[in-house]
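What follows is one structure encoded as structure tokens, with my remarks underneath.
The values are calculated or read from the model by the stated rules, or taken from the named source; none is laboratory data. Every value quoted in this text rests on a predicted model; they were computed, and no experiment measured them. We place every Cβ from the backbone using ideal geometry, glycine too, and count neighbours over all the protein chains shown.
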Amino acid sequence: MYAYDEIDRTLVNERVSEFRDQVKRRLSGELTEDEFKILRLQNGVYLQLHAYMFRVAIPYGTLATNQLRALAHVARKYDRGYGHFTTRQNIQFNWIKLAELPDALADLAKVGIHAMQTSGNNMRNVTSDQWAGVAPGEIEDPRIWSELIRQHTTLHPEFSFLPRKFKIAITASDHDRAAIKIHDIGLRLIRNEKGETGFEVLVGGGLGRTPFIAKTIKHFVHGRDILSYIEAILRVYNQYGRRDNIYKARIKILVHELGIEKFSREVEEEWQHIRNSSLQIDDEVIEDIRSRFTYPAYEKLPHMPDELRQAAADRDFEAWRKNSVAPHKVQGYSIVTISLKPTGGPPGDATAEQMDALADLADKYSFGEIRVGHEQNLALPHVAKRDLPALWKTLDKLGLATPNVNLITDIIACPGLDYCSLANARSIPIAQELTRRFANHELANLIGRLHINISGCINACGHHHVGHIGILGVEKNGEEVYQITIGGRADESAALGNLIGPGVKFDEVADVIEDIVEAYLALRERPEELFIDTVKRLGVEPFKERVYATR
Amino acid sequence: MPLVNGGKIVDDSFVKLAVDMPLPEGGDILVPAERFVSDADALLKRAGKVGVIWPNNRDIDELVPYLGKVAAVALVFPTFRDGRAYSQARLLRERYNYRGELRATGQILRDQFVFMLRAGFDSFEVKKQADAEAFMQTAKRYSVFYQPTGDGRVTALHRRMQLRHSEGVGT
């Protein structure tokens, strides 16, 4: 856990008081809605279909139990008793009242939580691997660097009014769980041949109307230079990014229009001016941040405790363990993913009661720590294996033990037309229907790893381009129509999916997905060949034939 | 539109010269970049201070040769969501060591004051009277800064180092 000091706390409180003044000026009419819009967006407040929506940052996906309880408190006191975890390690509340927002922010500030820059054309919440610090084989804990960058990007005096939003993600593992290739800047923590820590820097990834996979701009930037290098990218973007058309304003378009070579030359030239400035980071500064991350005092525990051996007879427990429990870097411990995708439920939602109960479980079993992943699930990062059976029993009672992590019903979806004023089509009901169709655990297990991503409009908040199966809702002649792609992925081999054919109606989506899955089961070479690999081997055609043969 | 300079509301000694307006004999003038660049020598010779209004999409490098001669540079925020002039301001102050008046013009609201001060602006054409009057109070709103800029404010990272070292001395 990162512990805020007095300096961090002061800044968050100063921001809350500024926002309180801004809300007051809006309510008195001193600020027009047009002026206020930009100010509220910088504090995570959107105006949605039914009400204001409030998006709160969970930097690099790490939460302490008192923080999760504070989120539960906000859900209960200011909202309708639940929150929605997003694909960028944020939580959204959908029914908040403008006049109460400053109080909600003040309540969150008490536990070091804020909503700064969770929307608006600025540098957004820095995201990272939800298994940071506990995943076996990672270079080092990427959250140290995430925190450094979080601080540097917070209320940046030069880059708070960029052409468009700007997202940074960091990973330190070979397997990328942070989706860095679909970010404006993706950072991969590596060591060079001298053993020095630094980053491979990628730039220009993003989804939306014009999706791009990020390109490597520099193969190695030393850790001490990372802030100046990011600043150089931002300075080039701030000056030359397009501001004439909102759909062409992201850095991916600038990189695409200039070409990565020319863009990287511009950045390099700017960087040479500033790399030896006060932006250079001493080891001492890094050590200071590192020292404020605390790690659990792990016990020496056996690899296979008796409790686990005995519980293995319980089929339901075993199904959950095999699905939701992952290896930890310390022997005798596990990382437990908590599925927020129950059958028939909206993906990523948690009630205030569930959040409170999870906080209690994290105190009891996970050294008081919870993680949030971009797949819209939570995780308990330090669970002793001997505690797994007891933990499972309680999770099951809370409706939080659906054994579907990484399976076809572990769907990523945006809020869609049920909440969002930008959406053209519903997302949540599609996800709900699919979780019912594939509710049978044996069937889902037989299908194996398969990610479905659903977006209710071209803005792609559900990351449909990079779903193994992507579903995009659009509007055509006043009707919801869904375009389906296959073959996308968001990990270290990130790729955009390919369209399988003409769009289908709302009522047909689940049938089409069933057809695609049946085609896969018939086409795969062996049970271990994942859906994504079959698509890679065979292309779109055989799936297309199957889906459209009878339509 | 009130002008805030040195933290106070002051009279603006500068007259803004449109592209086609005849050149006044004396007095301080702010000249659009295009006219300034095409006629810099004549403009700089006359009595009275000369400042230049530099648009946010024009390369600041072009202005560099004149920085020792102009009394003011006015940068433009066509709307407050367009932040290009923050980069121009930092370049002028931090890379080219410009020390004259650096004025923010356009849609300037109190909510930008802290960012602008940090980027090097010292003069503000504020849109609303109430915002101009609230300048000093608003400028002091923040006491913690995470990024180093040319304004010399101590950053959080360095303040932590100072605290560490002073603690070290005491023990």
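May I ask you to verify whether A:LEU71 is touching a residue at least 40 places away in the same chain (Cβ under 8 Å), assigned to a loop (DSSP other than H, G, I, E, B) and away from chain B (no Cβ under 14 Å)? Quick ask: steps written out before the conclusion?
On the way: touching a residue at least 40 places away in the same chain (Cβ under 8 Å): yes; assigned to a loop (DSSP other than H, G, I, E, B): no; away from chain B (no Cβ under 14 Å): yes.
In short, no.
Residues that are within 30 Å of A:LEU472 (Cα to Cα), small (Gly, Ala, Ser) and either assigned to a helix (DSSP H, G or I) or within 14 Å of chain B (Cβ to nearest Cβ) (or both): does segment A:224-237 have at least one?
First, the residues of segment A:224-237 that are within 30 Å of A:LEU472 (Cα to Cα): A:237.
Keeping just the survivors that are small (Gly, Ala, Ser) gives none.
For segment A:224-237, residues within 30 Å of A:LEU472 (Cα to Cα), small (Gly, Ala, Ser) and either assigned to a helix (DSSP H, G or I) or within 14 Å of chain B (Cβ to nearest Cβ) (or both): absent.
Only one of (1) surrounded by fewer than 22 Cβ atoms within 10 Å (Cβ to Cβ); (2) touching a residue at least 12 places away in the same chain (Cβ under 8 Å) is not met by B:ALA104, so which one is it?
It fails just one condition, (1).
Can you report the number of residues in segment B:77-112 which are touching a Phe, Trp or Tyr at 6+ places or on another chain (Cβ under 8 Å) and either closer than 22 Å to B:TYR142 by Cα or within 13 Å of chain A (Cβ to nearest Cβ) (or both)?
Here is the first cut: in segment B:77-112, the residues touching a Phe, Trp or Tyr at 6+ places or on another chain (Cβ under 8 Å) are B:80-83, B:85-86, B:88-89, B:92, B:102-112.
Now narrow it down to the ones that are either closer than 22 Å to B:TYR142 by Cα or within 13 Å of chain A (Cβ to nearest Cβ) (or both): B:80-83, B:85-86, B:88-89, B:92, B:102-104, B:106-112.
Total satisfying the criteria: 19.
Can you tell me how many residues within segment B:118-150 are touching a residue at least 40 places away in the same chain (Cβ under 8 Å) and either in contact with a Leu (Cβ under 9 Å, 6 or more places away or on another chain) or more than 9 Å from chain A (Cβ to nearest Cβ) (or both)? Can you show your working first?
Quick first cut of segment B:118-150, residues touching a residue at least 40 places away in the same chain (Cβ under 8 Å) only: B:121-127, B:129, B:132-133, B:135-136, B:139, B:149-150.
Now drop any that are not either in contact with a Leu (Cβ under 9 Å, 6 or more places away or on another chain) or more than 9 Å from chain A (Cβ to nearest Cβ) (or both), which leaves B:121-127, B:129, B:132-133, B:135-136, B:139, B:150.
The qualifying residues number 14.
Can you name the residue in segment B:117-171 that is part of a loop (DSSP other than H, G, I, E, B) and acidic (Asp, Glu) and is also modelled with the lowest pLDDT among such residues? Outline the logic, then answer.
Our first condition is that a residue be part of a loop (DSSP other than H, G, I, E, B); within segment B:117-171, this holds for B:120-122, B:126-128, B:134, B:140-155, B:171.
Within this subset, residues satisfying the condition of being acidic (Asp, Glu) are B:122, B:151.
Working: B:ASP122: 98, B:ASP151: 93.
Top of the filtered list is B:ASP151.
Considering only segment A:1-13, how many residues are touching a Ser or Thr at 6+ places or on another chain (Cβ under 9 Å), surrounded by fewer than 18 Cβ atoms within 10 Å (Cβ to Cβ) and at the interface with chain B (Cβ under 9 Å from one of its Cβ atoms)?
Selection size over segment A:1-13: 1.
Is there a residue being closer than 30 Å to B:ALA85 by Cβ, free of Cβ contacts under 8 Å to residues at least 12 places away in the same chain and part of a loop (DSSP other than H, G, I, E, B) anywhere in segment A:157-170? Outline the logic, then answer.
Here is the first cut: in segment A:157-170, the residues closer than 30 Å to B:ALA85 by Cβ are A:157-169.
Filter once more, keeping what is free of Cβ contacts under 8 Å to residues at least 12 places away in the same chain: A:157.
Of the ones still in play, those that are also part of a loop (DSSP other than H, G, I, E, B) are A:157.
Looking through segment A:157-170, at least one residue is closer than 30 Å to B:ALA85 by Cβ, free of Cβ contacts under 8 Å to residues at least 12 places away in the same chain and part of a loop (DSSP other than H, G, I, E, B).
Go through segment A:432-456 and give me each residue that's under 18 Å from the mean Cα position of the chain (by Cα) and not polar (S, T, N, Q).
The answer is A:LEU450, A:HIS451, A:ILE452, A:ILE454, A:GLY456.
Say whether the condition of being in contact (Cβ under 8 Å) with a residue 24 or more places away in the chain and among the polar types (S, T, N, Q) is met by at least one residue in segment A:239-249.
no
Out of segment A:43-101, which residues are among the polar types (S, T, N, Q) and over 15 Å from A:ARG124 (Cβ atoms)? Reasoning before the result, please.
Taking segment A:43-101 as the starting set, the residues that turn out to be among the polar types (S, T, N, Q) are A:43, A:48, A:62, A:65-67, A:86-87, A:89-90, A:92, A:94.
Result: A:GLN48, A:THR62, A:THR65, A:ASN66, A:GLN67, A:ASN94.
Would segment A:22-41 turn up any residue that is within 24 Å of A:ARG371 (Cα to Cα) and either in contact with a Leu (Cβ under 8 Å, 6 or more places away or on another chain) or within 14 Å of chain B (Cβ to nearest Cβ) (or both)? Let's see the steps before the verdict.
Going through segment A:22-41, the residues within 24 Å of A:ARG371 (Cα to Cα) turn out to be none.
Within segment A:22-41, none of the residues are within 24 Å of A:ARG371 (Cα to Cα) and either in contact with a Leu (Cβ under 8 Å, 6 or more places away or on another chain) or within 14 Å of chain B (Cβ to nearest Cβ) (or both).
Against the definition (more than 8 Å from chain A (Cβ to nearest Cβ) and surrounded by 19 or more Cβ atoms within 10 Å (Cβ to Cβ)), how does B:PHE115 come out, yes or no?
The answer is no for B:PHE115.
Where in segment B:27-106 are there helices (runs of 4 or more DSSP H), lying fully within it, with 1 or more residues that are under 14 Å from the mean Cα position of the chain (by Cα)? Break it down stepwise before answering.
Details: elements: B:33-38, B:40-45, B:84-90.
Here the list reads B:84-90.
Would you be able to tell me the number of residues in segment A:251-285 that are on the phi > 0 side of the Ramachandran plot and either surrounded by 13 or more Cβ atoms within 10 Å (Cβ to Cβ) or within 13 Å of another protein chain (Cβ to nearest Cβ) (or both)?
If we filter segment A:251-285 for residues that are on the phi > 0 side of the Ramachandran plot, which is where we start, we get A:259.
Imposing the further condition that a residue be either surrounded by 13 or more Cβ atoms within 10 Å (Cβ to Cβ) or within 13 Å of another protein chain (Cβ to nearest Cβ) (or both) reduces the set to none.
Qualifying residue count, segment A:251-285: 0.
Results for (1) within 14 Å of chain B (Cβ to nearest Cβ); (2) within 30 Å of B:GLY150 (Cβ to Cβ), shown as yes or no for each residue.
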| position | (1), (2) |
| --- | --- |
| A:ARG124 | no, yes |
| A:THR127 | no, no |
| A:TRP131 | no, no |
| A:PRO136 | no, no |
| A:GLU140 | no, no |
| A:TRP145 | yes, yes |
| A:ILE149 | yes, yes |
| A:PRO163 | yes, yes |
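What are the residues in segment A:54-78 that are surrounded by 23 or more Cβ atoms within 10 Å (Cβ to Cβ) and farther than 30 Å from A:ASP141 by Cβ, if any?
Residues satisfying the conditions do not exist here.
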